[in-house]
Amino acid sequence: MKVIIAENYDEMSKEAFKVMKELLDEKPNATLGLATGSSPEGLYALMVEDHKKNGTSYKDVHTYNLDEYVDIDRNDPQSYYTFMNEHLFSGIDIKPENTHVPYGSTAEEAKEYDDQVKGVDIQLLGIGRNGHIGFNEPGTPFDERTHIVELTESTRDANKRFFDNDINKVPTHAISQGVGTVMDAKKILLIASGKDKAEAVKAMIEGPVTTECPASVLQNHPDTVVIVDKDAASLLTK
Ligand code: F6R
């Protein structure tokens, strides 16, 4: 696991962009695994800016997102599908048919999505305050594939900021790539910022590999880069 500590959110985003850009330069037809949430917004803004200024093309790129809420309209302002279109896809020249965001509420739909996620060159991840990756909450087996998840109170509480600060409006379930699906990626790029991530970051990097902190499984991945800002790194001791 390679750990880079950046000064702040903007520097974290710039470091993450370097990793992404290096891959795109080497492999213009790369397959990207993508995440939503606050963590990647800065990175996506840099990708859009780079496309507009330098013409970096995404016409041969394919993307697979990690997760989506269950029972949310595709075009709901809070759906991850809308998030991806607003923050990245509409600002680059990717073909809409090459982008994939999971959708559904059944095990069959989850399996169908899992079968599509192949050959991911880089998987971008954020981390939950409870150590989740994707929506793999603590206790999720490491060999789990794409599945329907019941979200924990902690995750719904963290995400209520997008739902009028009302936890009752946050969906209770999500469809998420499993830890096993995530671990199939050739490279993992995890980004985190802020003090509220410090405990999860410490458990991921310095703690034991345990399903109690799903992100700790990344210690077993052969090519993981973790980029955190100083606040998220503040409890690291090594
Ligand atoms: C999002 C996802 C989640 C987030 C995590 C951190 O697609 O899979 O695991 O990465 O909840 O969210 P933020 O970045 O909003 O703090």
Checklist entry - Could you give every pair whose Cβ atoms fall below 7 Å, whose first residue belongs to segment 196-225 and is without any contact (Cβ under 8 Å) to a residue 12 or more places away in the chain, and whose second residue is part of a helix (DSSP H, G or I), counting only separations of at least 6 or pairs across chains? => result Gly207/Ser216; Pro208/Ser216; Val209/Ser216; Val209/Val217; Val209/Gln219; Val209/Asn220; Thr210/Ser216
Checklist outcome for this item: Within segment 160-178, of all residues that are out of contact with any helix residue (DSSP H, G or I) (no Cβ under 8 Å at 6 or more places or on another chain) and buried (at least 19 other Cβ atoms within 10 Å of the Cβ), the one farthest from Val217 (Cα to Cα) is Ala174
Checklist entry - For the subset of segment 109-130 comprising residues that are within 10 Å of the ligand (Cβ to nearest atom) and of a type outside the set (A, V, I, L, M, F, W, C), which member is surrounded by the most Cβ atoms within 10 Å (Cβ to Cβ)? => result Gly128
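Taken together, the values in this text are just the output of simple stated rules run on the coordinates, not laboratory data. None of the values given here were measured: they were computed from a predicted structure. A quick note on method: Cβ atoms are made from the backbone with ideal geometry, for glycine too, and the neighbour counts reach across all protein chains shown.
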